[in-house]
Each structure stands twice: as C-alpha cells, then as structure tokens.
Amino acid sequence: MKLSAKQKEQARTAYLFIGFPLLLFSVFTFVPILFAFFISFYDWNLLIPDKPFVGLANYVELFQDKVFLVAIKNTLVYTIGVVPIQTLLALVLAFIMNQKLKGRAFFRLAFYIPAVTSSVVTSIIFVWIYSKPGLLNYLLSLIGVEGTDYLTNPSTALFAIMALNIWTTSGYFMISFLAGLQSIPQSLYEAAKIDGANQWQQFWKITVPMVRPVTYFVVVLSLIGCFQVFDQIYVMSAGGPVNSTTTMSYFTYNNAFKFFRLGYGAASAVILALIIFGATWLQKKYFPADAY
Amino acid sequence: MANVELKKLKKVYGKDVLAIKEADVFIEDKEFVVLVGPSGCGKSTLLRMIAGLEEISGGDLYIDDARVNDVSPKDRDIAMVFQNYALYPHMTVFENMAFGLKLRKYPKAEITQRVEEAAKVLGLTPYLDRRPKEMSGGQRQRVAIGRALVRQPKVFLFDEPLSNLDAKLRVQMRIEIKRLHKQLQATMIYVTHDQIEAMTMGDKIVVLKDGIVQQVDSPMNLFNNPANKFVAGFIGSPSMNFLQGEIEKTEELEFVSGTVRFGIPNELNLHDKLSPYIGQPVTFGFRPEYLYDKAKEKSKQLSVDMDIIIDVTEPVGSEAYNYFHFKGQEDLTFCFRSDSAYDYQSNETITVGLDVARLRFFDVETENRIA
C-alpha cells in the first residue's frame, strides 16, 4: 500500500509520539531485563573487576542454596495465602459497596485509602500494631488473650505481613470489581428474582460469573504483585526472623545489593520471572477471562 | 391460570412524585391485556408492581383472589419477559430456560422435558447449547419467552418485549405470542407503547397517561368510542384529527369553525348530549378514514360539501395519507386517508364529506367525550 504525502506525515508524527515512551521503556525496562538475563551467566560482582563467564553455575548454586529454597517456599505460601483471600474480600466489599447503603461514599473511601497510602507508611503503622505492646495485643487483652510480638516470631511473621497486604490491596481491587459490578444490567437480577433466586444465589449464579473477566484481571495482577512482594518485607522484617519472611524478591535484593553478587541475584530474578510467567500462563489456560 | 385485580393501586416515588394514581383494573383468567400509553405514562411501573419488582405505595393487588402486595416476586407465580431479554449471558439457552426450575428444585428429568418441550414450541431445539451472544435478537427474545414458558406460571408479564426487534420480526413475534396465548390459555399482561401492537394483540387494552388509567376497553371500543380526547388521539394511526369550534342552533344543530360548517342530523341522537353546548366551544374529532371524496363515495350518508386543498400526500402502498387544509383555513393541517389509486396531487382541491355516523365531540376543558 502506498501512502499519500499526508498519510506519511501523519505516520511520522505518530511514530514520534510513541518513539519517546518507547525510548524510556527501552532504557529503563527492556535493556535492564536483557542485561539481567545476560549477567546471570557471569560471576558479576560489583566490587571485583574480573567478571568471568560461569555458564549455569549461578542457577546450580541457587538450587543448592537453602535460603533460596526457603525463599521460594515463603513466596508460594505468601501468594497462595494472599491471592484468594484478597480477591474474595475485594469482591465481597465491592458487592456490599454496590448496595444502596447509608454512608456508602465514606466506606468506599475508607476501604480505598490504604491503596493510595505509601506502603512504607502503612508498613510502619503495622510494625507498631503488631509489636508486643501494640494495638492488636491490646485488643486481644480485652478478651483475655495474651499475644506475642508478631514480627519477631518466626511462626507468625509471614502471616502478619500477608494480613497487612490483604488489607492494603483489597480496597484497590474492590474498585475494579465495583466497576465490573456496575456494568451488570439490573434486569439480570430482576429476572433472577422472578426465577426464584435469593440474595445468595443471585451472588453466586449471577454476580460471580458476570465479573469473571474482572476476576481474571485481579488475580493476574495480584499473583504478579504477590510473587514480587518486597517493600513491606524490607520495612517490617528485613526477611527475618531466621529467614521466615525472606521472599524471592528480597533474596534477589540481598544478593545483588547487599552482597554485590549481581550475577547470582540476576539468576534468582530470572527464576522468579519464569515462575510468574508460568503461573499466569496456567491461569490463562485453565481459568480464561471468558468475556460474555 | 389466574385473574389479576388492581384495586386503587398507587405508586409514589420519593415524597411526592406520583407515578401511578389509583389504578383500578380487573384482568380475567386467560385474558390478554395490554397496557399502552406514551413514554413515562407509568405502564412499565404498573407491570413491575404486578411482578413485585416495585414496591406498592397504596391500594391492593390480588392474584387469584390472594392479596400479594407483600409477597416476593418468586412467590407470586408469575414469569416476566423483559425488553432487553435479560438472558444470563454466561449460561447456555438450556441453562437459561432451566434456571428457574433448578432453583425451585424440580427433578432433573422434568426440567429436561419442560425445556425441550418449550424449545420445540419456539423452534429453539437446535440452539439449546448456544450462549445468548451467539444468537440473533429474535432468537434471544424466543429464549426469554421460553424461560417464562417452562415455569408454567399463573400470569405472564411482558415488558415491551418486541421493541428491540426490527419491524418485520416484530410482526412475526406478535403473531407468535398471540398463538402462544391461544395455545396456553394463560393470563397475559403485555406492556407496549405501540398502539398497533396493543390493538392487534389485546383482548382488553388499558390506556394510561401520566399515571392515570384513561380507559379500559376492547380494542374496537377504544377506537370507536374513546372516553376522551387523549384516547381518541392515541388509538388509531394516523391519529384522529381535532378541530376546535362551536355548536350553533339553526333548524338543526350545526358545528362551526371558521369556514367549516356542517349540520348534525337529528336522527343521530346527539342532540341531547350536545344541546348544553350550544354557543359553547367544543372540540370536534374525525378520523382520517371517515372523510370521503364525494366524487368517489356514494353509498355513505355524508355531511354537506366541504372543499379541501391537498398539501402533501404520502402513498404507503394500497392507501395514501393526504395532508390537507380546509379552504380558507391555511394554518390548520389534517389528515385524510384514501385509496392510493386516486393519486391526489399537491394543491388539488377536492370536495369531501364526513361520515355523519362517525362524528365525535369532546369537552374543551375536561377533554372528555360529549358524544
């Protein structure tokens, strides 16, 4: 197809417009990804000028590194725990917020605020809530339960951070579900009412299947977010106690920027990327978005 | 099957927005009743009140002599067909139709049997495994009807079910719904804004305007004996012509409006009703089909000669709608229906007469029919 002079000029302008963002993406995203993949085959230490090619040695070492295996386990526990609860909670919250409630705007705002608050700030607040003399233990003491220091106890630390994450992200995903819910025609519920469906049946048989495309989107984002969890761990527990909250992202950070073993860190990042890729692929294959 | 009775049924939105003002309608068992009126007249609200989807603000609603004001929709034993079909997009045609029965815990074999029967009646058998989005508008509407059918409810409610279909399909579905009504012998309540649909389908028509029931009657009675000017103008297409004038008494009663003047023969028994209006303004109504070209029509008793001038003609096949004004009254346009073979031309003057048996008069203030 031959372009006219005007079309050529339009195309030039269009390329110019996408050129700049493309350049930014390339410099700060695509090139680093490729570079990370590249250095994962080298013993790339920031402090040592000699950076020898080591082939798959970094990968072999990773799977012999007990901390890395713990990090994989922690990341999986974290993801499997957070994704379903936060998705279900977001849907239920959206369903409630979609009813004609008094003070609905206030509740929507209240649930959404954690999502727009800096994660460092919420993390610091929760460090206090979870501490031995903190709010949680005070509330528990009112009903006669004596709590622990949740972030320094290896058996509770990871779950405490999971709970925080569920609280901060449910409100964010609630907004997505709310948009999905509002696009369901009211007449479907009316038809269901006449067909004999009660509130619960309307929720399971109409709402849940109708928001399936949103659920897909939420689960994908939430899976990726959970696999990459870093900031709360960095602020609240630094991977401890005894590596009980070390996740793959935190492991990568530690090796690359604390021990300066960039090649080794890059290799663990590649494994993480492969796991995320695999998880989303599985989801796409077995739980497709299925827009009606 | 059941009768439905509306006793002073009232709907108020918020504090003072009156949607339905004391509707009194009795719908007999097996009757096909059409609620008709212009947009915003409250016809859908009334239907939704019967369905239980709108709360009733006042009055009583009876289905089969049981008061159902506070009964939930699922327990009223009704089924409804929605304007936008309201099919569940994530379910197949079979599942859509079976949904209500499943919720009511019917045995599987019976569900299958009922759905298959309904599908056969509606010609949906080959589509039972399809999803709604894979079907045309007409097929979707059939599924919506099927969903109502399998429930075998006491009362069927239809909320403008054909308005999303094209003209040809609408006529087809109209006939099909009528056929279903005959076959099922069920009570059906049908909402439409289309008066042709109302006239062709209803055993009885309820005409609504501004939330007030104007008249409840058979289609032909509405056409021939409208209760007021609104019903007269709403029923019939093209609608009735109205001309404001005065009743004068000479040897007989006469209607006079500018250059238009004709006598009302004594034998029509209209004199008793019109006498109080002598010297008073009245609205005269005549249907486009009851005006005749005197040169062509000899058999009917027609009024005195009147000269009209054709402005525009609209041939619509076998007949034509001719828009005209009376000679000497250019500012008022009326419609006159004729055989299209007469082929009237613009600016042509013809002499017409009114069928005197079809003269209708309305009170100017109350708009109620006088005679």
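The values are calculated or read from the model by the stated rules, or taken from the named source; none is laboratory data. Here the structure is a predicted model, which is why all the values come from computation and not from measurement. Note: ideal-geometry Cβ built from the backbone for every residue, glycine included; neighbour counts use all protein chains shown.
Checking each residue in the stretch B:256-293 for being crowded, with 18+ Cβ neighbours inside 10 Å and of a type in the set (Gly, Ala, Ser) picks out B:257, B:285.
Can you work out which of the residues in the stretch B:147-178 that are of a type in the set (S, T, N, Q) and within 22 Å of the chain's Cα centre (by Cα) is nearest to the other protein chains (Cβ to nearest Cβ)? Can you show your working first?
To start, the set of residues in the stretch B:147-178 that are of a type in the set (S, T, N, Q) comprises B:152, B:163-164, B:172.
Filter again for within 22 Å of the chain's Cα centre (by Cα), leaving B:163-164, B:172.
Details: B:163: 14, B:164: 12, B:172: 24 Å.
Restricting to residues being of a type in the set (S, T, N, Q) and within 22 Å of the chain's Cα centre (by Cα), the top hit is B:164.
When every residue of the stretch B:54-70 is checked against the conditions, at least one turns out to be surrounded by fewer than 21 Cβ atoms within 10 Å (Cβ to Cβ), aliphatic (A, V, I, L, M) and over 28 Å from residue B:193 (Cβ atoms).
Any residue at all in the stretch A:238-255 that is over 25 Å from residue A:130 (Cα atoms) and touching a helix residue (DSSP H, G or I) at 6+ places or on another chain (Cβ under 7 Å)? Within the stretch A:238-255 (the criterion being over 25 Å from residue A:130 (Cα atoms) and touching a helix residue (DSSP H, G or I) at 6+ places or on another chain (Cβ under 7 Å)), the answer is yes, since at least one residue qualifies.
When residue A:229 is tested against (1) in contact (Cβ under 8 Å) with a residue 24 or more places away in the chain; (2) over 16 Å from the mean Cα position of the chain (by Cα); (3) away from chain B (no Cβ under 11 Å), just one condition goes unmet, and that condition is (2).
The number of residues in the stretch B:294-346 being among the basic types (Lys, Arg) and exposed (fewer than 13 other Cβ atoms within 10 Å of the Cβ) comes to 2.
Residues in the stretch A:78-133 that are in contact with a Phe, Trp or Tyr (Cβ under 9 Å, 6 or more places away or on another chain), aliphatic (A, V, I, L, M) and within 12 Å of residue A:166 (Cα to Cα): A:89, A:90, A:115. Please work out if residue A:211 is buried (at least 21 other Cβ atoms within 10 Å of the Cβ), within 11 Å of another protein chain (Cβ to nearest Cβ), in contact (Cβ under 8 Å) with a residue 24 or more places away in the chain and within 22 Å of residue A:168 (Cα to Cα). Here the answer is yes, as residue A:211 does meet what is asked. Return yes when residue A:63 is touching a residue at least 60 places away in the same chain (Cβ under 8 Å) and either at negative phi or out of contact with any Lys or Arg (no Cβ under 6 Å at 6 or more places or on another chain) (or both) and no when it is not. Taking the combined requirement at face value, the residue does not satisfy it. Report yes if residue B:144 is within 13 Å of chain A (Cβ to nearest Cβ), in a helix (DSSP H, G or I) and within 24 Å of the chain's Cα centre (by Cα), otherwise no. Yes, satisfied. Does residue A:196 fit the bill of being in contact with a helix residue (DSSP H, G or I) (Cβ under 8 Å, 6 or more places away or on another chain), within 14 Å of chain B (Cβ to nearest Cβ) and on the phi > 0 side of the Ramachandran plot? The answer is yes for residue A:196.
Look through B:358, B:369 and report the one residue that is surrounded by fewer than 17 Cβ atoms within 10 Å (Cβ to Cβ), of a type in the set (Lys, Arg) and within 30 Å of the chain's Cα centre (by Cα).
Details: B:369 fails: surrounded by fewer than 17 Cβ atoms within 10 Å (Cβ to Cβ).
From the options B:358, B:369, the qualifying one is B:358.
Selection of the stretch B:105-141 for residues being farther than 26 Å from residue B:74 by Cβ, part of a loop (DSSP other than H, G, I, E, B) and of a type in the set (D, E, K, R) yields B:129, B:130.
For the stretch B:114-125, does any single residue satisfy the condition of being within 13 Å of chain A (Cβ to nearest Cβ) and at pLDDT 90 or above? There is no residue in the stretch B:114-125 that is within 13 Å of chain A (Cβ to nearest Cβ) and at pLDDT 90 or above.
The residues listed here are B:344, B:321; of these, the one that is among the hydroxyl-bearing types (Ser, Thr, Tyr) and in a strand (DSSP E or B) is B:321. Within the stretch A:226-266, can you find the residues that are farther than 16 Å from residue A:72 by Cβ, surrounded by 17 or more Cβ atoms within 10 Å (Cβ to Cβ) and among the small types (Gly, Ala, Ser)? The answer is A:237, A:256, A:263, A:266.
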